[in-house]
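J.: Right, I'll just put the structure down here and ask away after.
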Amino acid sequence: MKALIGNDWDQVLEPYFDSDEYHKLHEFLKHEYATKKIFPDMYHIFTAFKLTSFQDTKVVILGQDPYHNPGQANGMSFSVEPGIKLPPSLVNIYKELYDDVGAQPVNHGYLKKWADQGVLLLNAVLTVPYGQANGHQGKGWELVTDGAIKALSKRGRCVFILWGRFAQNKLPLIDEEHNTVIKSAHPSPFSANRGFFGSRPFSRCNQALAEYGESPIDWQLPAEV
């Protein structure tokens, strides 16, 4: 087995990485990276999995696909590289974070501290062409990321945070008897006022973790990275 990630996710996802569909995706991506601007760079495609092992994952925050403008995508859903202007959805996440648990907003969008505590910042599609939101949807990534969701669901005692219709379409993959699902509108400016603000996902997540006997997430991000 080729170690694409470097932790226990390689074994969990081996059936998908060995599939014909993944090999087709791999060939497609080789051509895409050779001929277009694709984000994130190929060395950061699996960052979410590398930072948060299968065993250590307590929470999943599910996004759609990476940011599609230069310098933003870093392989973690909703996260951007230090020094990059905060995307509007992340600004709204910080507002709700403050209202919910009192975490002070910071002037960067680098969410690695969450990943280090067991929050898998997973996009359903792991690559995107420059300027083409969801441009790689249906090319094969869903096989891998759906497989990750199903594996965590089967293991149980995981909190899935699903913002918006796209994320909530993954509900059939999750066993809600043995896991916790927290869902609301998306934090995008187009929908945040329709149920994201006031949904208190961060405190509800920590409450669920406490019921599982797990340590809570410290949602406060460092002022500087």
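What follows is calculated from the coordinates using simple rules that are stated; it is not laboratory data. Given the structure is predicted, the values throughout are model-derived calculations rather than measurements. Reconstructed Cβ throughout: ideal geometry from the backbone, glycine too, with neighbour counts over all protein chains shown.
J.: Return a whole-number percent for the relative contact order of the chain, with Cα pairs under 8 Å and 6 or more residues apart as the contact set.
T.: 23
J.: Using +1 at the C-beta of Lys and Arg and -1 at the C-beta of Asp and Glu, which of 115, 42, 104 has the Cα lying farthest in the positive direction of the dipole of the chain?
T.: Of the listed residues, the answer is 104.
J.: Between residue 157 and residue 19, what is the label-point separation in nm under the 7 Å Cα-to-beta-carbon projection?
T.: Between residue 19 and residue 157, the label points sit 2.8 nm apart.
J.: What is the sum of charges, Lys and Arg at +1 and Asp and Glu at -1, for the other residues whose Cβ falls under 12 Å from the Cβ of residue 65?
T.: That works out to 0.
J.: How large is ³J(HN,Hα) for each residue in the range 76-85, as worked out from phi by the Karplus curve 6.51 cos²θ - 1.76 cosθ + 1.60 (θ = phi - 60°), to whole Hz, x for Gly and Pro?
T.: After applying 6.51 cos²θ - 1.76 cosθ + 1.60, I find 10, 4, 6, 8, 10, 5, x, x, 8, 4 Hz.
J.: Give me, ordered by chain and number, the residues 5 or more places off residue 120 or on other chains with an amide H under 5 Å from its own placed amide H.
T.: Residues meeting the criterion, in which the H sits 1.01 Å from N, are 58, 59, 60, 61.
J.: If I model a spin label at residue 27 and residue 183 as a point 7 Å from the Cα along the Cα→Cβ vector, what separation in nanometres do I get?
T.: Going by the 7 Å Cα→Cβ label model, 3.7 nm.
J.: Students often check this: by mean Cβ neighbours within 10 Å, which of 8-15, 213-220 ranks highest, and how do the rest follow?
T.: Top to bottom by mean Cβ count within 10 Å: 8-15, 213-220.
J.: Turning to a different aspect of this structure: Over the alpha-carbon set of the chain, work out the extent along each principal axis and list the three values in angstrom, largest first.
T.: Each principal axis gives a Cα extent; for the chain these are 46, 37, 31 Å.
J.: Another one. Answer with one residue from 171, 201, 141: the one whose Cα lies farthest towards the positive end of the charge dipole of the range 129-209, charges on Cβ with Lys, Arg +1 and Asp, Glu -1.
T.: 201
J.: Figure the gain on full extension for residue 103 and residue 34 (residue separation times 0.36 nm, minus the Cα-Cα span) and round it to one decimal in nm.
T.: 20.7 nm is the gain from fully extending residue 103 to residue 34.
J.: Return a whole-number percent for the relative contact order of the range 153-220, with Cα pairs under 8 Å and 6 or more residues apart as the contact set.
T.: That works out to 29 percent.
J.: For residue 218 and residue 86, compute 0.36 nm times the residue count separating them, minus their Cα-Cα distance, and round to one decimal in nm.
T.: 45.5 nm
J.: Once you have the alpha carbon radius of gyration of the range 46-89, what is it after dividing by 2.2 N^0.38 Å, with N set to its residue count?
T.: The reported ratio for this selection is 1.23.
J.: For residue 169 paired with residue 225, estimate the spin-label separation in nm (one decimal), with each label point 7 Å from Cα along the Cα-to-Cβ line.
T.: Each label point lies 7 Å from its Cα, and together they span 2.8 nm.
J.: Among the listed pairs 36/183; 58/150; 24/113, which are separated by more than 24 Å between their Cα atoms?
T.: Result: 36/183; 24/113 exceed 24 Å.
J.: Non-local amide H neighbours of residue 179 (under 5 Å, H modeled in plane, Pro and chain starts lacking H): which ones?
T.: Placed amide hydrogens put 157 under 5 Å from residue 179.
J.: What is the dipole size for the range 163-225, taken about its Cα centre, with +1 at each Lys and Arg Cβ and -1 at each Asp and Glu Cβ, in debye to the nearest 20?
T.: Dipole size: approximately 440 debye.
J.: In percent, how large is the relative contact order of the range 1-131, given Cα pairs closer than 8 Å and 6 or more residues apart? Display every interim value, and only then the final one.
T.: On the way: 197 pairs, mean separation 41.9, N = 131.
Once divided by the residue count of the range 1-131, the mean separation gives 32 percent.
J.: Arranged from highest to lowest average of other beta-carbon atoms within 10 Å per residue, in what order do the peptides 78-84, 64-70 appear?
T.: Order by mean packing, descending: 64-70, 78-84.
J.: Something else now. 222 nm [θ] for the chain, helices only, -39500 (n - 2.57) per DSSP H run of 4+, per residue, to 500?
T.: Taken over the chain, the calculation gives -10500 deg cm²/dmol.
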